[in-house]
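Comments concern the structure below.
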């Protein structure tokens, strides 16, 4: 039987470059003689940012972040000012916010949070007041709630603690929307999260923050004063603080709102199903849409003057 033969074909391939498998330094955090290494540790990633701890001779071991470039590798905050260390640890994310334990030299080892900026890196609460430490440990996130343990709050209470459900804004200007259904559909600055039904707290955390809340078709109640609000129905409650510009849409039902003004100068515009209170300096606005019953209440201050337009 004759043997079959195969022709060998050859073609030109495009130029290819092998990936560089050799590690390269991103940034030299410390180069002081006698301290050759910054000893980076506790690496934790949120979106495109890597958080970690590192040592330098001027700031001690503190919170750093990197976007993978030399220029983007920076100290977030010298939590314990000077060469002493705050020793950040137990990094955990709750819906875009970094939580951790640190010691600022005044409040002991307590619960902190960061949005990646120095202004947004703050003590959440001095659980054990004073310089003693509560030692928060075993951080765990469940549906927007941070669970952790403490050894003692100074009153003999230790064990399991929780923070939330809570959404913290950044130190900048935030745009937040909340839609109430069987839970809370939340969007902050383009990022979406879901919280189960029940209670939700929103903290603006700095900047000029705007929030729009859409309720359900059931009956709901709103109480709002400058920068805070409390909105509730039969199966939910939302509270907010450090919020400058608030809009609440009733979305049906017999909704009742009480709006409290400030001690300054305000303008009130009241239309059917659309009422707002705004100070003349435009530092806050409270607007309700679709509410059948709206009460405008004075703070009782004798200073300032108010303008009202009723339609």
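Readers should treat all values here as calculations from the given coordinates under stated rules, not as data from a laboratory. Quick caveat: nothing in here was measured; it's all calculated off a predicted structure. Note that each Cβ is placed from the backbone with ideal geometry, even for glycine, and that neighbours are counted across all protein chains shown.
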Percent antiparallel among DSSP beta bridges confined to the range 118-246, rounded to 5, stands at 65 percent
Contact order relative to length for the range 183-281, counting C-alpha pairs under 8 Å separated by 6 or more residues, stands in percent at 25 percent
With the range 160-281 reduced to its Cα atoms and the Debye formula applied, log10 I(q)/I(0) at q = 0.20, 0.21 1/Å amounts to -1.18, -1.28
Most exposed to least, judged by fewest other Cβ atoms within 10 Å, 138, 195 sort to 138, 195
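Which of 42, 254, 261 has the fewest other C-beta atoms within 10 Å, and how do the rest follow up to the most?
By the 10 Å Cβ count, ascending: 254, 42, 261.
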